[in-house]
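Chemist: Could you have a look at this structure, given as structure tokens, before my questions?
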Amino acid sequence: MAQLSIRNLEKIYGGGFKAVHGVDLEVADGEFMVLVGPSGCAKSTTLRMIAGLETISGGHISIGGKVVNNLAPGDRGIAMVFQNYALYPHMKVRKNLSFGLRLAGEKKAEIERRVAEVAEVLEIGPLLDRLPKQLSGGQAQRVALGRALIKKPEVFLFDEPLSNLDAKLRASMRVRITELHRRLKAQGRSSTVVYVTHDQVEAMTMGDRICVMKEGRIMQVADPATLYERPENLFVAGFIGMPEMNLVEAELERGPEGHALRFGDQVLRLGPEQNARIAADAPKAVTLGLRPQHFRLAEPNDPEALAAQVGKVDFLGHEVDAHVTIGGAKFTVVLPVELFREAAQGGTIRLRADENRVHIFDRASGANVSLA
Amino acid sequence: MSQTMLDDSAAFDADAEAARHLALQERRGRISMILRYAVLTAVGVLMLYPLIWLIGASFKNNAEIFASPGFIPKDPTLSGYVKGWETSTPYTFGRFFWNTFLIIAPKVIFTVISCAAVAYGFARFQFPGKRILFASLIATLLLPNVVTRIPQYLLFSEMGWLDSYLPLWVPSAFAGDAFFVFMLVQFLRSIPPDMEEAARVDGAKSWQVLIFIVAPMLTPALISVALFQFMWTMNDFLGPLIYLSSVEKFPVSLALKLSIDTSEAFDWNRILAMSVLALAPSLVVFFMAQKYFIEGISAGGVKG
């Protein structure tokens, strides 16, 4: 069993700067947990504290039920893959893979067997006698992955492992890592993963659960669908999803037929589902959140249609991102390509928002008040 | 049709024009290159002349050395080498070369090991008082050597180490050469610490990281350190002069002076011949290590 448990973790640097503010996180055995956030959110620091490469200022970390705060990195049962591969430049791939085993005094035959096994899984057999400088980025990253795999650790730690690769390779490595994780899990081997990235595509596609961080605090921990559908606060709402969720200041009005949001000269009446979700104590000053994907062209005589002035239009091939102005507020709207011409005309189009997928955030606290 | 011919002739004119320009540029380039190399060669020969003269003069006889300023001996002789090698002491120069080796070898080894360890500590570990310690290390760089000679002499004299090689060896075993520590710290700072962290995750202790990961990555810089230490020790005159008193322990640098002291009329060709020999080891070692030495200077960046 290799569940990872982080309790009230803190990191305070020498100058008194507090980088991590009491983080609590439980990663179940075999779970793929992604830490995601903008740069400077302390996701890497948190990972490095788990690895034992940074000292812990407060709280504790336990792996498989054992508190590891004061253990050396090599004694924690972890393996780590670094952003810039961190292969030992003077050792051939074979030696790179087996370095940890050799230090541990493993028998030669066993080392050879495990090197061969890992080489087969990662298809790096032909590279075993090369030096790291003779490898391409993707090959080097596979070797780095192999160096982690060969140790049979309880917890795998990944520190932005794909950010040095080009887009195409990144996509294929994403699949490879996810499949590897699935395979380990199926074999009943320890396969708990903590994966740090700033790329939300990686987070959404790879993670069983995602932990969104900001300035050393956890904003929300949830599976990808929940994060997308039910963001708990403004930060998560704005961070997850592409293009970014439209966030516009609005007034929440309570009428006899339910709630409505007023922004500029426009009024957006909420649908029945959404009306039911709004907290009773929701304030008047709110931020309206609406994903660009949750707009559609309005029927000709729709009374709820919003008049949108089309500004710049980005043609992406499979869709069109139109930057529009509705009631004085700027929105990004994703439209089907067939509407490209119409949207590009620079005139006005009539849009209908999906009233049941409007998020309402308390403007003061940033909390989502439409989740009840 | 005529339009095409017109185009063709215009194109031809343009080509001819371009060819003329190219030829002109090439000629100018060649002239400027000849001028540049002429100046460089002249200055180079001027700077090397003393060395060339030294080598030439070592094959002259004593009378000729001061008679002609040229460097090609009229009547080449090896007597300078033969007699110089014998010296006026009971020992040959071979003994002095061996003594030099006895001083240099431990010193170079101690320096490389101790400086690498100290530089690793300063570059990679946080410990209380680190800034002050590093500042005082750098401060010793600024301290003139002469200032510490007397206290050092008294210290080693108290320890009974006079007339032995210990005063020459021991300081280097404790990273006494601040310059090398500084150089290695700078080199280490240019290497990202990720490889060392990976090794720690792989279960390496700090000393294993130093030996298996850091030292191999530092190799070019360590070779530079060894090379500098070799040449400086080879050329060191003051250190042996102060601490060594028996002729049988003299290194080459002292022995050269010895042949000036003891002969009444200096046999300059002997001294010059032995000087040439004394230069040889440094040159040989330098050219052998040159590849790594240059690598050490140029290989700053590590692929990220």
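Chemist: What's the FRET efficiency of B:SER157 with B:PHE71 using the Cβ-Cβ distance as r and R₀ = 45 Å, to the nearest 0.05?
Modeler: 0.50
Chemist: Under a GNM of chain A (C-alpha, springs under 10 Å), which listed residue has the highest mean-square fluctuation: A:ARG341, A:ARG262, A:ARG114?
Modeler: Comparing A:ARG341, A:ARG262, A:ARG114 in the GNM, the peak value goes to A:ARG341.
Chemist: Same structure again: Between B:PRO69, B:PRO167, B:PRO240, where does the largest GNM mean-square fluctuation fall for chain B, given springs only between Cα atoms within less than 10 Å?
Modeler: Per the Cα network of chain B with a 10 Å cutoff, B:PRO69 tops the list.
Chemist: Averaged per residue, what accessible surface does the stretch A:36-179 expose to a 1.4 Å probe, in Å²? If you can, show how the numbers build up before the last one.
Modeler: Values: 5900 Å² over 144 residues.
Solvent-accessible surface per residue comes out at 41 Å².
Chemist: Suppose we compare each residue of the stretch A:60-103 in its chain alone and in the full protein complex with a 1.4 Å probe; which ones drop by at least 50 Å² of accessible area?
Modeler: So the qualifying set is A:PHE82, A:ASN84, A:TYR88, A:HIS90, A:PHE99, A:LEU103.
Chemist: A further question follows. Just from its helices, what would the mean residue ellipticity at 222 nm be for the protein assembly as shown, if runs of 4 or more DSSP H residues each count -39500 (n - 2.57) and the sum is divided by every residue, rounded to the nearest 500 deg cm²/dmol?
Modeler: -15500 deg cm²/dmol
Chemist: Report, in listed order, any pair from A:LYS43/A:LYS66; A:LYS214/A:LYS312; A:LYS11/A:LYS214; A:LYS11/A:LYS152 with a Cα-Cα distance greater than 19 Å. Don't skip to the end; give the middle numbers.
Modeler: On the way: A:LYS43/A:LYS66 22 Å; A:LYS214/A:LYS312 31 Å; A:LYS11/A:LYS214 14 Å; A:LYS11/A:LYS152 29 Å.
As for pairs spanning more than 19 Å Cα to Cα, those are A:LYS43/A:LYS66; A:LYS214/A:LYS312; A:LYS11/A:LYS152.
Chemist: In whole percent, how big is the carbon plus sulfur part of the accessible area of chain A, probe 1.4 Å, protein atoms only?
Modeler: Carbon-and-sulfur percentage of accessible area, whole number: 50.
Chemist: What's the longest uninterrupted piece of chain A once you rule out the chymotrypsin sites (Phe, Trp or Tyr not before Pro) that are loop residues per DSSP with at most 16 other Cβ within 10 Å?
Modeler: Numbers: sites that count: A:TYR13, A:PHE17.
Segment A:18-372 is the longest.
Chemist: Now, a different point. Would you mind telling me which residue in A:VAL93, A:VAL196, A:VAL310 has the biggest mean-square fluctuation in a Gaussian network model of chain A, where springs connect alpha carbons within a distance under 10 angstrom?
Modeler: Looking only at A:VAL93, A:VAL196, A:VAL310, the largest GNM fluctuation is found for A:VAL310.
Chemist: Assigning unit charges at the beta carbon (Lys, Arg +1; Asp, Glu -1) and nothing else, what dipole magnitude in debye, to the nearest 20, does the stretch A:4-234 show about its Cα centre?
Modeler: 780 debye
Chemist: Determine the total buried accessible area between chain A and chain B, counting protein heavy atoms only with a 1.4 Å probe; round to the nearest 100 Å².
Modeler: 1800 Å²
Chemist: How much of the accessible area of the stretch B:79-298, probe 1.4 Å, is carbon plus sulfur, in whole percent?
Modeler: Carbon plus sulfur share of accessible area: 70 percent.
Chemist: Which of the aspartates and glutamates could a cross-linker bridge to A:LYS95, judged by Cα under 18 Å and excluding same-chain residues fewer than eight apart?
Modeler: Correct list for A:LYS95: A:GLU106, A:GLU110, A:GLU112, A:GLU117, A:GLU120, A:GLU123, A:ASP129, B:ASP194, B:GLU196, B:GLU197, B:ASP202.
Chemist: While we're on this one: Relative to the compact-globule scaling 2.2 N^0.38 Å, provide the ratio for the alpha-carbon radius of gyration of the protein assembly as shown.
Modeler: 1.44
Chemist: Quick one, what does Rg over Rh come out to for the stretch A:4-234 if you take C-alpha atoms and the Kirkwood Rh? Mind showing how you got there, number by number?
Modeler: Values: Rg = 17.5 Å, Rh = 18.2 Å.
Reported Rg/Rh, Kirkwood definition of Rh: 0.96.
Chemist: Give me the count of lysine pairs in chain B whose alpha carbons sit under 23 angstrom apart, restricted to pairs 8 or more positions apart or on different chains.
Modeler: Close lysine pairs under the 23 Å cut-off: 12.
Chemist: Could you name every residue in the stretch B:180-209 that has 40 Å² or more less accessible surface in the full protein assembly than in its own chain alone (probe 1.4 Å, ligands and nucleic acids excluded)?
Modeler: Listed by number, the residues meeting the 40 Å² cut-off are B:ASP194, B:MET195, B:GLU197, B:ALA198, B:ARG200, B:VAL201, B:ASP202.
Chemist: Please list, by residue number, every one of the GluC sites (Glu not before Pro) in the stretch A:256-356 that is coil in DSSP and has at most 10 other beta-carbon atoms within 10 Å.
Modeler: The qualifying sites are A:GLU257.
Chemist: Which one of A:VAL236, B:LEU155, A:PRO132 is farthest out on the positive end of the charge dipole of the protein assembly as shown, using unit charges on Cβ (Lys, Arg +1; Asp, Glu -1) and the Cα centre as origin?
Modeler: Value: B:LEU155.
The values are calculated or read from the model by the stated rules, or taken from the named source; none is laboratory data. Just so we're clear, the structure is a prediction, and the values are computed from it rather than from any experiment. With ideal geometry, Cβ positions are generated from the backbone for all residues, glycine too; neighbour counts draw on all protein chains shown. Only protein heavy atoms, including side chains, enter the accessible area calculation; ligands, DNA and RNA are left aside. Shrake-Rupley method; radii C 1.70, N 1.55, O 1.52, S 1.80 Å.
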